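Report on one structure; see the data block that follows.
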Amino acid sequence: MIKAIIFDFDGVIADTEELHFNCLRRILSEEGIWIDREMYNETYLALDDRSCFRKALSIAKLREIPPEKLEEFIHRKARLLQSCLTEVKLFPGIVESIKQFSSEVLLGICSGALRQEIMLVLQKHSLLEYFTAIITAEDVENSKPSPEGYLLALQQLQEKSGIPISALECIVIEDSVAGIAAAKAASMYCVAITNSYPKEKLYQADLILESITEFSLRKLQNYPK
């Protein structure tokens with residue numbers, strides 16, 4: 001029996017990956033580091049900002065920067081992204097799906113984005129009320145593919161609802177390779193949507209769909225494993 005659905009945010013609910021890429025690329029270029037979209041998809045997509053900058057600096061073989069410099073990078077990217085978020089579009093069918101799912105099970109979000117970014121988009125589209133738990137980059141030590149975020153989302157869902165829920169009673173909706181790995185490491189069923197990667201890259205998911213509109217809890221038992 002499914003009791004909860006936990007959504008990734010960027011690439012599943014909000015079509016923001018291009019914005020994240022452009023903001024990251026701009027700041028890295030100012031530090032003499034170049035990335036393109038293919039590199040972003042392969043290396044940085046699904047990582048939180050801190051992990052992105054650490055990874056980029058490591059790949060560029062630059063010496064470790066002071067913590068305050070890393071925080072400066074994170075704040076610069078957040079400011080850039082914040083100026084664009086009001087124009088962000090949601091993926092087709094996601095609003096209807098969230099409303100439908102919320103009438104059947106508890107809903108949560110587990111994302112590497114910052115809380116202010118997620119809240120701004122959810123409030124703009126009047127979706128905040130549908131989510132019982134929201135886990136963001138500020139809440140975890142380790143970003144995806146670590147299962148930390150999904151396990152914390154499960155804990156928060158239980159605490160806020162008062163309903164006992166096991167990992168096996170959760171479905172994760174993801175769009176990235178790292179996100180799928182995190183969901184599976186948390187022992188959760190994972191549905192992958194091909195918004196960011198082609199189907200062949202998402203093979204570790206339990207179910208792969210082209211759109212969230214193809215998925216429903218009622219049909220879950222009829223999907224091939």
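The values are calculated or read from the model by the stated rules, or taken from the named source; none is laboratory data. Quick caveat: nothing in here was measured; it's all calculated off a predicted structure. Cβ sites come from the backbone with ideal geometry, for glycine too, and all protein chains shown count toward neighbours. All accessible areas refer to the heavy atoms of the entire protein, side chains included, with ligands and DNA or RNA removed. Shrake-Rupley method; radii C 1.70, N 1.55, O 1.52, S 1.80 Å.
Among residues belonging to the range 102-116 that are without any contact (Cβ under 8 Å) to a residue 40 or more places away in the chain and not in a loop (DSSP other than H, G, I, E, B), point out the one that is farthest from the chain's Cα centre (by Cα). Working first, answer last.
Just the residues of the range 102-116 that are without any contact (Cβ under 8 Å) to a residue 40 or more places away in the chain, to begin with: 102-103, 115-116.
Those still in the list that are not in a loop (DSSP other than H, G, I, E, B) too: 102, 115-116.
Working: Ser102: 19, Arg115: 12, Gln116: 14 Å.
Filtering first and then ranking leaves Ser102.
Residue by residue, here is whether (1) in contact with a Phe, Trp or Tyr (Cβ under 6 Å, 6 or more places away or on another chain); (2) open to solvent by less than 30 Å² (accessible area, probe 1.4 Å); (3) under 25 Å from Asp139 (Cα atoms) holds:
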{"residue": "Glu30", "(1), (2), (3)": "no, no, no"}
{"residue": "Asp49", "(1), (2), (3)": "no, yes, yes"}
{"residue": "Phe53", "(1), (2), (3)": "yes, yes, yes"}
{"residue": "Glu71", "(1), (2), (3)": "no, no, yes"}
{"residue": "Thr86", "(1), (2), (3)": "no, no, yes"}
{"residue": "Cys110", "(1), (2), (3)": "yes, yes, yes"}
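Quick check on my filter: what residues within the range 173-190 are surrounded by 24 or more Cβ atoms within 10 Å (Cβ to Cβ) and either of a type in the set (Val, Ile, Thr) or in a helix (DSSP H, G or I) (or both)?
Selection gives Ile173, Gly179, Ile180, Ala182, Ala183.
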